[in-house]
1. Run VAL140 past the list (1) surrounded by 13 or more Cβ atoms within 10 Å (Cβ to Cβ); (2) under 17 Å from THR175 (Cα atoms) and report the number of the one that doesn't hold.
2. Just name the residue that is farthest from LEU159 (Cα to Cα) out of those in the range 88-104 that are surrounded by fewer than 16 Cβ atoms within 10 Å (Cβ to Cβ) and under 37 Å from the mean Cα position of the chain (by Cα).
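No lab work stands behind these numbers, since they all come straight from the coordinates. No experiment lies behind these values; they were computed from the predicted model shown. Methodologically, a virtual Cβ is constructed for each residue, glycine included, from the backbone with ideal geometry; neighbour enumeration extends over all protein chains shown.
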Amino acid sequence: MSSRRKKKSAPARRAPASPAGGRAAVETAAAPAEAAAAEASSSATADAPAARERVPRARRLPWALAALAYAGFVISAYLTIVHFRGYVSPCYVVQGCETVQTSKYSVILGVPVALAGAVYFGLLFYLTVGLLRSSALWLVRAFKVLSFLGALAAIPLFLLQAIVLRAFCSYCLATEVLMLAIWVLGFLLAAGQSAPEQRGEPLEAGAGAE
């Protein structure tokens, strides 16, 4: 019997994985997620200042509208007092205040046009005070409708002075310019009030990222 014995080969032993290699694999797998999160955070942080700038602009606009409405109310109230006291206010820029204020067109259906203007600007001022505290949809729509009616009234009033009376009243022109300015700014008011609400989530994300 041969003394040679076949030696059984020992099974190959696998080298244990090094901890450093495992960590490197985990870090490599997590790198894309961290990069995406960092990019999203940086973009939100970059958009946050622009969103913060839009919010104060939307808040300043009602103040400007309130100032214009108050100015129109003061002028109209002054013309109403002048009308009931029976004297004519002097003109400073144009000529024809007496012609306009004493014409038959200064009273419509027994109501002085100046008094109607005072009521109109008073309502506008009341609505702008409400806009300073809230941007409710019904409030914005009511302001836009009222300002549109004022713009419609300003055009025939100006044409009446230019074509029929051929005389201009500086106070009347001032109120007409205010009506048109308030109507135009009314469009910016609707856009400025809706912008912060539509972009509320990015603004909050930017604040959280900081």
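1. Among (1) surrounded by 13 or more Cβ atoms within 10 Å (Cβ to Cβ); (2) under 17 Å from THR175 (Cα atoms), VAL140 violates only (2).
2. In this case the residue turns out to be TYR92.
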